[in-house]
Amino acid sequence: MSRCVVDELRGTIADGDLFTTKNVDEGNCAWAEILQCNYRLVFCGGGDGTAMHAMNQISCSHNRPALGILPLGTGNGWAVEMQMPPRAQAVAL
């Protein structure tokens, strides 16, 4: 996720509720914490790999928050196939 997007989100989301990661190991640690917090809704921004990782983490958990995907990857093949709105519309939500 770009620094610009993270900066925008920091102005809206409380510090303890915004997780950013750079690799799978960081993602696993973040998801462990996210699922322990029992959020009812989680948004995930990234590409196809990030979206799949999020869905896999949620599907393996007893706590299954609703998941919103912000398609911020390069190709976003999965998001296109799911007929998700274009990037600008998704970020504006």
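The values are calculated or read from the model by the stated rules, or taken from the named source; none is laboratory data. A quick note: this is a predicted structure, and the numbers were derived from the prediction, not measured. Note that each Cβ is placed from the backbone with ideal geometry, even for glycine, and that neighbours are counted across all protein chains shown.
For T74, which of the numbered conditions (1) among the polar types (S, T, N, Q); (2) modelled with pLDDT of 85 or more; (3) exposed (fewer than 11 other Cβ atoms within 10 Å of the Cβ) fails to hold?
Failed condition: (2).
Pick from segment 18-34 the residues that are part of a helix (DSSP H, G or I) and under 12 Å from the mean Cα position of the chain (by Cα): which of them is nearest to C60 (Cα to Cα)? Even if it seems obvious, please write down each step before you answer.
Kept after step one, since they are part of a helix (DSSP H, G or I), are these residues of segment 18-34: 24-34.
Remaining after also requiring under 12 Å from the mean Cα position of the chain (by Cα): 27, 30-31, 34.
On the way: G27: 15, A30: 15, W31: 11, I34: 13 Å.
The selected residue is W31.
Applying the selection to segment 1-17, what residues are touching a residue at least 24 places away in the same chain (Cβ under 8 Å) and either part of a loop (DSSP other than H, G, I, E, B) or under 17 Å from A66 (Cβ atoms) (or both)?
M1, S2
Condition first: farther than 15 Å from L70 by Cβ and free of Cβ contacts under 8 Å to residues at least 24 places away in the same chain. Now tell me which residues in segment 18-29 satisfy that.
Within segment 18-29, K22, N23, D25, E26, C29 qualify.
If I ask for residues that are loosely packed, with under 13 Cβ neighbours inside 10 Å and modelled with pLDDT under 90, which ones from segment 24-51 would you list?
Matches in segment 24-51: G49 only.
Can you pull out every residue in segment 43-70 that is farther than 18 Å from F19 by Cβ and not in a loop (DSSP other than H, G, I, E, B)?
Within segment 43-70, D48, S59 qualify.
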